């Protein structure tokens, strides 16, 4: 319903904050972008996790680990209700759409890794059109690699790691610190010997920060161009990942997508 309701809202003179993923195809996202060009209203895709202060700390520490060698991420939870809408392919069900998109967003938008090719393998996609567990591998144009696992049939776990030439950054509870036992985000830096050099436990409300950001951008009449660029890229990456999964993990080339 996202595509139709976003366009109806924009044409009704509304600024739009829409839950992730904004669409389930690049073509739908292109249509939303065209409508925003027509109406001039503000648009934001709701990857709320990125507004938590732990990611600001990650960016502060990132130069300390040198050039990035590898990025990896994981987001899983245990789905026990067989009637859950996330198992309905007609409603955009699947682990990649539900939680894998967080990993994809963190790697490609928060950290800035830009894939040139994408491969994804899934365990149940060919039988049910819904992936309960998927593993995604990406290479950029320089041959550097990023990987992540997303699942609806594993214990709850969410993190991302950035491995550099001079150490490692790990962000635990990276996507849902609010439901972790500690209720905080944890950013850690390690050296190449695996020694913990510093740890930061950060309390914040990512949902409140997202609303504050949305409100500030609307009040300031900021262009949606940056947000649309990210959403177009995300729609393309997710679409190509599923295309790969239906081809048994074949590497699929990723084209450069630009908002214009």
Exercise. Which one is surrounded by the most Cβ atoms within 10 Å (Cβ to Cβ) among residues in the range 112-124 that are in contact with a strand residue (DSSP E or B) (Cβ under 6 Å, 6 or more places away or on another chain) and outside any strand (DSSP E or B)?
Worked result: 113
For this session: Taking the options 188, 127, name whichever one is within 17 Å of residue 111 (Cβ to Cβ) and without any contact (Cβ under 8 Å) to a residue 60 or more places away in the chain.
Result: 188
Problem set entry | Residue under evaluation residue 221, criteria (1) in the same structural domain as residue 127 (by TED's automatic domain parsing); (2) more than 30 Å from residue 131 (Cβ to Cβ), criterion not met | (1)
Problem set entry | Filter pass, residue 173 being crowded, with 19+ Cβ neighbours inside 10 Å and either assigned by TED's automatic domain parsing to the domain that holds residue 132 or more than 23 Å from residue 70 (Cα to Cα) (or both) | yes
For this session: Sort out which residues of the range 40-56 are surrounded by fewer than 19 Cβ atoms within 10 Å (Cβ to Cβ) and farther than 30 Å from residue 172 by Cα, and write them in order of number.
Result: 40, 41
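Each row is one residue, and each column tells you yes or no for (1) more than 26 Å from residue 24 (Cβ to Cβ); (2) modelled with pLDDT of 95 or more.
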| position | (1), (2) |
| --- | --- |
| 42 | no, yes |
| 45 | no, yes |
| 49 | no, yes |
| 59 | yes, yes |
| 68 | yes, yes |
| 75 | no, yes |
| 78 | no, yes |
| 83 | no, no |
| 86 | no, no |
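Table: residues versus (1) crowded, with 21+ Cβ neighbours inside 10 Å; (2) assigned to a helix (DSSP H, G or I).
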site	(1), (2)
5	no, yes
9	no, yes
18	no, no
28	no, yes
31	no, yes
60	no, yes
71	yes, no
For this session: For the range 42-54, state whether one or more residues are within 28 Å of residue 212 (Cβ to Cβ), free of Cβ contacts under 8 Å to residues at least 40 places away in the same chain and assigned to a helix (DSSP H, G or I).
Result: no
For this session: Considering only the range 226-260, state which residues are in contact with a strand residue (DSSP E or B) (Cβ under 6 Å, 6 or more places away or on another chain) and either in a helix (DSSP H, G or I) or under 12 Å from residue 25 (Cβ atoms) (or both).
Result: 227, 231, 240, 241, 243, 244, 245
For this session: Provide a single number: the residues in the range 95-116 that are more than 26 Å from residue 153 (Cα to Cα) and more than 11 Å from the chain's Cα centre (by Cα).
Result: 5
Problem set entry | Of all residues in the range 75-94 being within 21 Å of the chain's Cα centre (by Cα) and without any contact (Cβ under 8 Å) to a residue 24 or more places away in the chain, the one that is surrounded by the fewest Cβ atoms within 10 Å (Cβ to Cβ) | 85
Exercise. Looking at the range 181-202, which of its residues are over 17 Å from residue 168 (Cα atoms) and exposed (fewer than 13 other Cβ atoms within 10 Å of the Cβ)?
Worked result: 181, 182, 183
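The values are calculated or read from the model by the stated rules, or taken from the named source; none is laboratory data. What you are looking at is a predicted structure, and each value in this text was computed from that prediction instead of being measured. Cβ sites come from the backbone with ideal geometry, for glycine too, and all protein chains shown count toward neighbours.
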